[in-house]
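Undergrad: Can you keep this structure in mind? I'll have questions shortly.
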Amino acid sequence: MNEMTTVKQADVLRSDRPQPKPGVLDIAAYVPGKSKGSHGKTLHKLSSNETPLGTSPAAREAIETVARKLELYPDGAATELRAAIGDIYGLNPDRIICGAGSDEVLSMLAYGYLAPGDEAIYSEHGFLVYDIAIRAAGATPIIAPEKNLTTDVDAILARVSDKTKMVFIANPNNPTGTYLPFEEVRRLHENLPSHVLLVLDAAYGEYVRRNDYESGIELAATSENVFMTRTFSKIYGLANLRLGWGFGPAHVIDALNRIRGPFNISGVAIAAGIASVQDRDFVNRSVEHNDQWLPWVTAELEKLGLTVTPSVGNFVLVHFPDEDGKRAKDADAYLLERGCVLRMVGNYGLPNSIRMTIGSEESNRTVVAHLADFLGQA
């Protein structure tokens, strides 16, 4: 806990002021990836898993059109966006809900289905928003250890109790880049009690090129207790607009729509989302770029003697030697001085590792070259 947080908490706890409900001050605030390197250096920002291809030209045109009507409220139900998503994926739009990023959809699930006394499970190195959403709902997070930095189905099932109401699985997982084959996801679902909601977070699903992977659409379409979330922040390049969506049983959608804000996403985001999801050429180019540079970055870092967790996303988790001057924190400081911004993941329980987004060719080559210098291998 840093000094600023400590001062704020002490101030909040004064008896002469309103106080948050129990548990709120136990939540560790989410810290996003850094956005700035050293002043005067060319910035290579690879800390937030943003796409290096920018945004679909069709999305930019749609934004310009909506910009002429900013005085009007958007369609609160995001009807046209849900229809566009449904058309692309072959889904019933009535079973889709949209949010301000998949983060909001995940939080709505927690607020709608978790209460004090309940428990929700997520894996050891899972997305930090799960913990925040669970605690904010007043429930208790239960962390299941991973095996080889991969979600362990048996570890999750061993922690299911009569208090368990929800299980969060990021597939692929962030920040590890690992994934569960769909047979393992099915095994998890088959062994969960029917009243437990299984949430499959497929934020990076579009990048996966494995025959044994499935994002969760089929399971969410055919089950009463499975819900899938997706985002426009990654492959679609709309992180700035905050847009995500979820798909699941009609009864879950009904519950979420009762607590969803009346205009929770902007008209600009809706228009850009429609254009982006329909621009399949842009998506395909993004996948092809990742297919080219993910293995290149992995191989080049391994040539330097670094350990890289095999990834199916648009990022890699890099592990550094436990040696003075060569640890992750040292590499991070060295890269920052040279304008390369990556993501330390100590808050994910990985203090000697750095997550690197797959960036442009220039960014990828620059980071690898600086790490070679850092390790004395230039």
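Undergrad: Which one of the conditions (1) in contact with a helix residue (DSSP H, G or I) (Cβ under 7 Å, 6 or more places away or on another chain); (2) modelled with pLDDT of 95 or more does Gly37 fail to meet, given that it meets all the rest?
TA: (2)
Undergrad: Continuing with this model, one more query. Keeping to the range 209-233, report how many residues are crowded, with 22+ Cβ neighbours inside 10 Å and either under 22 Å from Val312 (Cα atoms) or of a type outside the set (Val, Ile, Thr) (or both). Full working, then the answer.
TA: Pass one, the range 209-233, residues crowded, with 22+ Cβ neighbours inside 10 Å: 215-216, 220, 226-233.
Keeping just the survivors that are either under 22 Å from Val312 (Cα atoms) or of a type outside the set (Val, Ile, Thr) (or both) gives 215-216, 220, 227-233.
Selection size over the range 209-233: 10.
Undergrad: Something else now. Please enumerate the residues belonging to the range 39-64 that are part of a loop (DSSP other than H, G, I, E, B), of a type in the set (A, V, I, L, M, F, W, C) and within 23 Å of Ala272 (Cα to Cα).
TA: Listed by number, the list holds a single entry, Leu53.
Undergrad: Separate question: How many residues does the range 184-208 contain that are among the small types (Gly, Ala, Ser) and open to solvent by 30 Å² or more (accessible area, probe 1.4 Å)?
TA: 1
Undergrad: Could you list all residues from the range 311-329 that are of a type outside the set (Gly, Ala, Ser) and within 26 Å of the chain's Cα centre (by Cα)?
TA: Hits for the range 311-329 are Val312, Asn314, Phe315, Val316, Leu317, Val318, His319, Phe320, Arg327, Lys329.
Undergrad: Sticking with this structure for a sec: Out of Asp373, Asp332, I need the residue that is farther than 30 Å from Pro74 by Cα, surrounded by 15 or more Cβ atoms within 10 Å (Cβ to Cβ) and without any contact (Cβ under 8 Å) to a residue 40 or more places away in the chain. Which one?
TA: On inspection, the qualifying residue turns out to be Asp332.
Undergrad: Filter the range 70-79 for residues that are of a type in the set (A, V, I, L, M) and within 21 Å of Ser276 (Cβ to Cβ); which is least open to solvent (accessible area, probe 1.4 Å)? If you could, list the steps in order and put the result at the bottom.
TA: Of all residues in the range 70-79, those of a type in the set (A, V, I, L, M) come to 70, 72, 77-78.
Checking the rest, the ones that are also within 21 Å of Ser276 (Cβ to Cβ) come to 70, 77-78.
Details: Leu70: 118, Ala77: 42, Ala78: 3 Å².
It comes out as Ala78.
Undergrad: With respect to Asp254, determine if the residue is over 27 Å from Pro351 (Cα atoms) and open to solvent by 40 Å² or more (accessible area, probe 1.4 Å).
TA: So Asp254 passes the test.
Undergrad: Further, regarding this structure: Give the residue, chosen from Tyr122, Tyr89, that is farther than 30 Å from Asn347 by Cβ and not hydrophobic (A, V, I, L, M, F, W, C).
TA: Just one listed residue meets the conditions, Tyr89.
Undergrad: Something else: I'd like to know if the range 258-267 contains one or more residues that are β-branched (Val, Ile, Thr) and surrounded by fewer than 20 Cβ atoms within 10 Å (Cβ to Cβ).
TA: Yes, the range 258-267 contains at least one residue that is β-branched (Val, Ile, Thr) and surrounded by fewer than 20 Cβ atoms within 10 Å (Cβ to Cβ).
Undergrad: Of the residues that make up the range 41-64, is at least one open to solvent by 100 Å² or more (accessible area, probe 1.4 Å), at pLDDT below 95 and not acidic (Asp, Glu)?
TA: The answer is yes; a qualifying residue exists.
Undergrad: Sticking with this one: Out of all the residues in the range 359-370, which are among the β-branched types (Val, Ile, Thr) and open to solvent by 10 Å² or more (accessible area, probe 1.4 Å)?
TA: Thr366, Val368
The values are calculated or read from the model by the stated rules, or taken from the named source; none is laboratory data. Predicted model only: the values in this text are computed from it and were never measured. Glycine also receives a Cβ, built like all others from the backbone with ideal geometry; neighbour counts cover every protein chain displayed. SASA here: full protein model, heavy atoms, side chains in, ligands and nucleic acids out. Shrake-Rupley method; radii C 1.70, N 1.55, O 1.52, S 1.80 Å.
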